[in-house]
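Take a look at the structure below.
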Amino acid sequence: MATLNQDTTTVVLNQPNNSGLHIALHPLTLLNISDHYTRTAIQQADGGSVHVIGALLGIQSGREVEIFNSYELLFNLQADGSIRIHEEYFVTKQEQFRQVFPAYDFLGWYAIGHKPSMIDIDVLQQLMVYNESPLFLQMDPNEIPTPARSLPITVYESIVDIVDNQPQPMFIKAVYKVETGEAERIAVDHVAHAATHQDGESSLVAHLSGQQNAIKMLDTRIKLLHEYLQDSVQGHVPRDHDLERQISSLCNRLPTISGQAFEEEFMTEYNDVLLTSYLATITKGTHAMSEMVDKFNVVANNSSHQSHGRPRRGMLA
């Protein structure tokens, strides 16, 4: 028989066996929760407790549950510490996700904490309008992972139990596993094996950062030369003919795209590309026509054998 946890601050049922649900978590959900908490914790400057709530999306078939995605929820923190979900935002967001992912249903919500409390029961009662038995995924960012438990995440199934002859919503722990699709495995493997530098950045980030810095430096120097020429023409600075010759030589090195020779060469290459594309289209059409003629001849020959009992050449042979 289920018994209530002796800790009055929690509302979890102690049972010999966990929930009968078979829950599969996809990496995208875990990444969304971690990113949501990290951004909220950094933006909160007062250093108080961090409140994070989001919806879980996925597919449920009987006791098989698969959580594919999640999104953040808006809520209001009351003076007594309770949480009120922004219903209008929730309904709008759910409709938007249903348009993109029609197979995904609202399965539950996630939050931050060590153990479920009455505040989570209050949230549960608000969300039971959209799912009669929503799941609750709780992440504890302060928990140190151990070999027996590599992720600081607990998933609960919500049930209704009789306490003092009154129905009371409760939580019961559920077993989950991390499930990855082929595309997710490729992405995770790529991130895991990405070459890193001493500062911890990946090689791609370092490459793009180098290109960005080079472009910024080039833009700054071009603006500096442009401002110098403008000031020189307006007489704000004395002319330096040697420097102007160097600037002119630099500009002459740049490829021109407005000359007659460039236009002729460009049109020649453009016409060659169009001609190649046209020939490829003709070849493809001829091949399709040839295949259709061969099929028609086969059908005509078979019809001739069946109607006259002797072979006859096809109409297009």
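Going by C-beta contacts inside 10 Å, put 269, 179 in order with the fewest on the left.
Going from sparsest to densest Cβ surroundings: 269, 179.
Under 17 Å between alpha carbons, and skipping anything fewer than 8 positions from residue 115 in its own chain: which lysines qualify?
Leaving aside lysines fewer than 8 places away in the same chain, those within reach of residue 115 are 173.
Could you list 37, 89, 110 in order of exposure, starting from the residue whose Cβ has the fewest other Cβ atoms within 10 Å?
Ascending number of Cβ neighbours within 10 Å: 89, 37, 110.
When we measure straight from the Cα of residue 223, which aspartates and glutamates land under 14 angstrom away, once same-chain ones fewer than 8 places off are left out?
231
Return 22, 287 ranked ascending by Cβ neighbour count within 10 Å, so the fewest neighbours appear first.
287, 22
The numbers here are math on the coordinates, done by the rules we state, and not lab data. Computed from a predicted structure; not experimentally measured. Note: ideal-geometry Cβ built from the backbone for every residue, glycine included; neighbour counts use all protein chains shown.
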